[in-house]
1. Out of everything in the stretch 279-308 that is hydrophobic (A, V, I, L, M, F, W, C), in contact with a helix residue (DSSP H, G or I) (Cβ under 6 Å, 6 or more places away or on another chain) and not in a loop (DSSP other than H, G, I, E, B), what residue ends up being surrounded by the most Cβ atoms within 10 Å (Cβ to Cβ)?
2. Any residue that is among the charged types (D, E, K, R), farther than 30 Å from SER20 by Cβ, at pLDDT below 90 and not assigned by TED's automatic domain parsing to the domain that holds TYR67 - is there at least one of those in the stretch 152-168?
3. Cβ contacts < 8 Å: first residue surrounded by fewer than 24 Cβ atoms within 10 Å (Cβ to Cβ), restricted to the stretch 71-91; second residue charged (D, E, K, R) and assigned to a helix (DSSP H, G or I), any location; separation 6+ or different chain. Result?
Amino acid sequence: MARQHVAVLMGGWVNERPVSLASGRECASALEEAGYKVTCIDVDRDISAVLKKLKPDVAFNALHGPYGEDGCVQGILEFLNIPYTHSGVLASSLAMNKVKAKAVMAAAGIPVTEHLVVNRHDIQREHPMAPPYVLKPINEGSSFGVLIVKEDQEFPPQELSRADWPYPDVLMCEKFIDGRELTCAVMNDRSIGVIDIVPVGHGFYDYDAKYVEGGSKHILPAKISPIVYQTIETLAVKAHQALGCRGVSRADFRFDEKQDGSGELICLEVNTQPGMTPTSLVPELAAYQGMSFKDLVSWMVEDASCCR
C-alpha cells in the first residue's frame, strides 16, 4: 500500500527562513527514507493555491517564526482540511506571543519572569525597569532582536533609536535571570529529557549559538539535581498542556543555582515549532530516548490532524 503524500512546508519570507530551510531539508530527507512520498514547498503568500493544487495527505510544518509558527499557516491548513503536524491555531498563536503565553503559564502555576510591555520610542533615555533586564520582540523567534541590558549600563540600548529598526516598536521587557540555560522537549504529552545548553564564544544563546556548528555545547542529560530535573519536566508538560500544544514542543528555562542548593527556576517560553536542523535540540533529545530522526519525523506525520 502506498505511503502518504507529505508536503513539507519550509522557507517562507521572514528572518528565520534559513533555519526553516535547513529544518525542512532534514525532515524531507528522513521522510523519503521512511518511505513517504514527499514534496518540498518553499512557502510564499500563494501557499493556499499551491496546496489546493497539490492535494497532499499531510502537511509537515517546518516553518519557523511569524506566519508559520503563530497560527497563520495553521488556519490555512484548517480551511483546506489538510492534516498537519505540531500545534493548532490557538496554541501556536498563544505560544508565539511571549506576553500572552506568560499570562497563561502564570495562571497555570508555572513560574515566569517579571515583565512589562514597552514602546521602544518611550524608553530611549530611561530604563523601563532596574537593570539587568532583557528586551525582546514579542512575536519573534531564534533570539532575533534580543538585547540584554547589564546592571552597569547607564541608558537603554541605543539600537532602539535606529531609523531602520527591523522589528515592531512594541517590545517585551523582562527581568534578566542569571544562571543556566535549560530546555525540555515534550512529545505526546510527556517529557523526553532536559538539556543544559552552554554557549561557546557567545554572551547568551543567540542565533549563532543555536544554529552554527560548535556555537554551543549540549549536556544531556543536564547535570542538575534530580529534584530540579523532575521539576523542569513537570513544568514543561504543564506549559505544553496549558497552552494547548500538540505533537512536539520545547520549553526553555533559566535556573539561577545557589551555593546552598536553592535557586530560582523560571520558564522563558514554549516553542511550538522547535528546530529540526543538525544542531537542534529536539532530535538530540529524541535520540537520547532511543528514537532515530527518521522515526521522530514519521511519528509527527502519523500524529498529524486538523482541529488541533
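1. If we filter the stretch 279-308 for residues that are hydrophobic (A, V, I, L, M, F, W, C), which is where we start, we get 281-282, 285-287, 291, 293, 296-297, 299-301, 304, 306-307.
Cutting the leftovers down to in contact with a helix residue (DSSP H, G or I) (Cβ under 6 Å, 6 or more places away or on another chain) gives us 286, 293, 296-297, 306.
Subset that is not in a loop (DSSP other than H, G, I, E, B): 286, 293, 296-297.
Details: ALA286: 21, PHE293: 21, LEU296: 21, VAL297: 28.
Among them, the one singled out is VAL297.
2. Start the filter on the stretch 152-168 by keeping residues that are among the charged types (D, E, K, R), which leaves 152, 154, 159, 162, 164.
Narrowing the set further to residues that are farther than 30 Å from SER20 by Cβ leaves 152, 154.
Narrowing the set further to residues that are at pLDDT below 90 leaves 152, 154.
Still in the running and not assigned by TED's automatic domain parsing to the domain that holds TYR67: 152, 154.
Within the stretch 152-168 (the criterion being among the charged types (D, E, K, R), farther than 30 Å from SER20 by Cβ, at pLDDT below 90 and not assigned by TED's automatic domain parsing to the domain that holds TYR67), the answer is yes, since at least one residue qualifies.
3. That search, which allows pairs on different chains as well, returns LEU80/LYS52; GLY88/GLU78; VAL89/GLU78.
Rundown of residues vs (1) modelled with pLDDT of 95 or more; (2) part of a loop (DSSP other than H, G, I, E, B); (3) in contact with a helix residue (DSSP H, G or I) (Cβ under 8 Å, 6 or more places away or on another chain), yes/no style:
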{"position": "VAL8", "(1), (2), (3)": "yes, no, yes"}
{"position": "VAL38", "(1), (2), (3)": "yes, no, yes"}
{"position": "ALA49", "(1), (2), (3)": "yes, no, no"}
{"position": "PRO56", "(1), (2), (3)": "yes, yes, no"}
{"position": "PRO66", "(1), (2), (3)": "no, yes, yes"}
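The values are calculated or read from the model by the stated rules, or taken from the named source; none is laboratory data. None of these values were measured; they are calculated from a predicted model. FYI the Cβ positions are ideal-geometry reconstructions off the backbone, even for glycines, and counts take in every protein chain you see.
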